[in-house]
1. According to a simple spin-label model (label point 7 Å from Cα along Cα-to-Cβ), what is the distance in nm between THR611 and THR825?
2. Using alpha-carbon pairs under 8 Å, 6+ residues apart, how would you state the relative contact order of the range 736-887 in percent?
3. Relative to the longest principal Cα axis of the chain, at what angle does helix 504-517 sit, 0 to 90 degrees, rounded to 10?
4. Compute the separation of the alpha-carbon centres of the range 834-887 and the range 668-711 and state it in Å as a whole number.
5. Could you tell me which of rounded, prolate or oblate describes the range 697-795, using a ≥ b ≥ c as the square roots of the eigenvalues of the alpha-carbon gyration tensor, with rounded for a/c under 1.5 and, failing that, prolate when a/b is larger than b/c and oblate otherwise?
6. Name the residues whose placed amide hydrogens come within less than 5 Å of the amide hydrogen of GLY705, ignoring near sequence neighbours (fewer than 5 apart) on the same chain.
7. Could you work out how much longer the chain between TRP426 and GLU450 gets when fully extended? Use 0.36 nm per residue separation minus the Cα distance between them, nm to one decimal.
8. Please give the calculated 222 nm ellipticity per residue for the chain, where each DSSP H segment of at least 4 residues contributes -39500 (n - 2.57) and the sum is spread over every residue; nearest 500 deg cm²/dmol?
Amino acid sequence: MVQEDKNAVAIAVPSDDKTPKDKDKKDVKDKKKSAKEKAEELSEEDKQKKEELELLVQRAQDADQGVAKMAMEALVKELKESTSSMTSVPKPLKFLRPHYSTLTEHYGKMPASDLKRFFADVLSILSTTMQKEGSRQALKYRLEGTKDGLTSWGHEYIRNIAGEIGEEFKERTEKGSSVKDLLDLVEEIVPFNMQHNAEVDAIDLLCEVDKVPTIEKICEEPSFTRVCLYLQGLANFAATQADKVMYLTVGMNLYLKYKEYPGALRVALKLNDTKAVARVFAECEDRLVQKQCAYMISRRKFNHDFDEDDELKELASGETLSKHFISLAQELDVLEPKLPEQIYKSHLEEKRSNAVLDSAKQNLASSFVNAFVNAGFCKDELMTVADSKWVYKNKEQGMMSTVASLGALLLWGIDEGLTQIDKYQWSSDVNLKAGSLLAFGLVTCGVKNECDPAWALLGEQLEAEDGQIRLAAVVGLGYAYAGSCREDILENLTPMIVDTACSIETSAMAAVSLGLVFVSSCNDEVAQAILQTLIERQAVEGALSGTWPHFFAVGLGLLYLGQQDAAEATLLALDAITHPVGKYAKLTVEGLAFANSGDVLHVQKMLQECTDHLEEAESFHQATAVLGIALIAFGEETGADMAVRSIEHILQYGELTLRRAVPIALAILHLSNPKVLVIDTLSKLSHDADQDVAMGAIISMGLIGAGTNNARLAGLLRQLAAYYAKDANALFMVRIAQGLLYMGKGLLTINPMFSDRYLLDPIAFGSLCILAHAVLHLKNTILGKSHYLLYNVVPAMRPRWLITVDEDMNELKVPVRVGQAVDVTGLAGRPKAITGFQTRTTPVLLNFQDRAELATEEYLPATPGTIMEDFVILKKNPNYKPAVGAV
C-alpha cells in the first residue's frame, strides 16, 4: 500500500473553482473597494457642503478684497459651527484638507493688509490638523494674524497652540531672541484655561515659559486647592532645587491668600523654612486654626518660637502624647503589659535541641524586646514593677541598656518617667548610672518641657571622670534635644569631638548627637569641628581605623539631611581626606543630603560607585552607596520600586560588601510597610551563607514590620528562632526583630513620612540612618558592647493614630471612613480620595497607605483642607441636620 503511494503520479486537473485563498483575496479587495466607494459616495447634504466649501476657497483667493473677506467670514462661520465627535474630524476641516496647500501659497502672495491677517487666523486653525509634525505653523500663523478671538476656537485648538508655544519659547531663549509675542499669547490662554477647569494645562504652560508665579493673581477661590495640589506634585519632579522651592512657595502663597493655614504650614514645613512657618502663624487669626497648626508643629518636632503663648506652646510641646496614647490603649484594650515570652511564643517554635546559650545575652534581648513592645505604656512586668531585680540578670554594658529601656517604656511621660529612673542615677555601679542617663534622654525624646530636665540631669555629667558616663550623657543629650538646634549643647559637645583624650567612641557619638540636635540645619560650626577632627586624626597612624571613625561621617551627613546642594562645600572639603573613611564620609553625606529627593542623577552616581570590583578591605565605602540609593529614593512610591529593582541587581551581581548593605537598604525603603515581595527577599537573605548578610536581613525584617504585628513576618521569625537556636548572635537579632515587629503592641510606627506621606520627620529619619550605619558594622556595634545604638529606633516611634478633639481639646468620638489613599492630583471633578473603606469610630489606627475622612457632616475640621491624621480639631457644623429617621 505504502509502495503504491510512493510511486503514484500526481496529475494536475484543471478546475474552474477558485482556490479558497484566491476567493478570500477577492473578498477582501471587494470589501476595500466598497468601503472606498462608500467613503466617496457622500450624502447629498455632504456633497452640497463640499461644493460650498470649495467655492468659498476659490472666492477667498479672489482679487476683490470685499469678496475674499466675505468668503473668509463664511469659512470661519462654517468651521465654528461644525461639530465633531471624539472619533471623527469635523466635516469642514476634512473637506478643506486638499485645499490647504493652495491656501498657504495664496497667503504667501498676498500683500500685507487686514485681510491677510484675517486669512492667517483661518490658516492657523487649519494647521492644527494639516501641518507637518513639528513645523509649528499653527503658532506661526496665529502670531502673524489679528491676535483677536484666540479663545473662541475652543480647547483643542488652545491646547495645540500651548504645546507649540512651549517648543518655540525654548528655541528662542536658547538663541536669545525676544519672546514678548509668545508671552502675550500666554496671558490670554492661561485665564481662559483657569475659567474652564483646565488648571493643569494652565500651570503646564506657565512652567514652559517660566512664569509660574503669575498664577497667584489669576487663581480664583474655587480652584485654588486643585492648583496647590498640582504645584505640590510638580515640585517632586522639578528639574532644579530653585524650581522646586518656587513651585512650593507659590502654593504656600495661594494657601495663605485663601486662608487655608494648615495647607500653607505643610508647605512651609516641606521647605524647612523657619520664616515661612512664622509667617503662617502671624497671618492666622483664628484661634482654633492656630491650635491645629500647633499640633502639626508638634508632629514635625519643628523649632518654632511661640513667644508668650503658653497654650500653643503646650500643644506643640507634645506633652499630651502620653495621656492620649494610654487612653488609646484603653480604648483598644491593650493596656495589659506583655512579657517577652508572649512575643517569642517559644512553644510554637520547632525545637531542634535544648542548647544552653549565654543567658546574659538572651536576657539583654528580652530587655530590648520588653522596651519596644511596651514602649510608651509606662508599665511592664520586668522593670517598672516594685523591687525589680531584672537589671541584675544582665552583665556590664547589658545593665546599662537594660536601665536605658526605662526611657522607652516611659516614653513621653516625663513627670512619671523621671521619678522612676531617678533611683538608678545615684547607683554606685557605673553601668546603672550610665543607663539612667540614656533613659533620661529617651524619656524626653520628642517632647519639649519648660523645666528642661534633661539638660539639668545630663549636662553636668559631660565632665564626669568615667568614660562610660560621659558617653551615656552625650548620647542621651542627642536623643533629648534632637532637632532643637540648641547653642549650649553645641558649646559643650563640640570640644568633645576634637578632644583626643576622649575615647574615639565618645568623640564619634558626640558628632552623631550634634548631627541629631542640628539635623537638616547645615550648621557650619559643627561641620567644621567634624571635618577638623577627621583631618587631624588622619595624620596619626591608626587613628581612623576601626568602626567608630565612620560615625563622624554620619554626624556630618545628618547636618545636611535633605538639604541637597547645601552640602557641596563640605563634600569638597572631604576630598582632603585620603584615608578610606574619606570616601565613606563623602558618600554618606551625599546620600543624606539628597535623601527623600528622588534625584535620579544621584541614584545613578551611587550605582556607579557600586560597579567597581574592589578588594574587601578597600570596598567598605560601597556599602554606603547602596544605602544612599535607598535614602535618595525614599518616600516616593515609583522611585522606591525602581530602587528595589536596582538593589536586586546589586544582590545578584555585587561583591560581598555590597550584598551586606542590601537588607538594610530594603528596610529603609519600607519602614513599617511590610510588602510581600520585600518580606520574601529578606526571608531568603536571612538564611544566607554570609553571617553579616543573614543578620542584617533579620533585623531588617523587624524594621519593615515595626509596629505592624504582621502575621507572615511573625511566623518567619519564629522559624528563624528555631533555625538559629545554637547561634547566640543570630538568635539575639531574631529576638530584637520580634520585639520591633510587635512594637507598642501594634500601635506605633517608625515610618518618618507623615501628613499623608507628604512630610518627612528629619529626627526620625536621622536616627534611623544612625541605626542603619550601626547595622553595617553589626559585629562591632550592636553585637559588641554598643547595643545601646538600637535605641535609635525610639526617636522614630510615633503612634499611627487619628485622634479627633473638640474645641476644648477633649477627645471626641466621631465616625470616620478609613481606606486606601488615592492620589487625586490633576483629576477632574470631585474624585473620591479613598477606596475600599471601612467606617470606624475615632480614635483609629492608620496603616502606611491609609487615609481617613469624616463619615458624617455633624462635625467639621477647623479648616477644610486639614489632613485627617494625628490630632485633628473638630467643630460643630452649624448647618447640620440629622437624617430623618435617625435614632
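The values are calculated or read from the model by the stated rules, or taken from the named source; none is laboratory data. Just so it is clear, the model here is predicted, and its values are computed rather than measured. Here Cβ is always computed from backbone atoms with ideal geometry, including for glycine, and neighbour counts include all displayed protein chains. To get the accessible areas, we keep the full protein, side chains included, count just its heavy atoms, and leave off ligands, DNA and RNA. Shrake-Rupley method; radii C 1.70, N 1.55, O 1.52, S 1.80 Å.
1. Result for the modelled spin labels: 3.0 nm.
2. Worked out over the range 736-887, it gives 21 percent.
3. Compared with the principal axis, the helix lies near 50 degrees.
4. 35
5. oblate
6. SER672
7. Additional length available on full extension: 6.2 nm.
8. The helix-only estimate for the chain comes to -18000 deg cm²/dmol at 222 nm.
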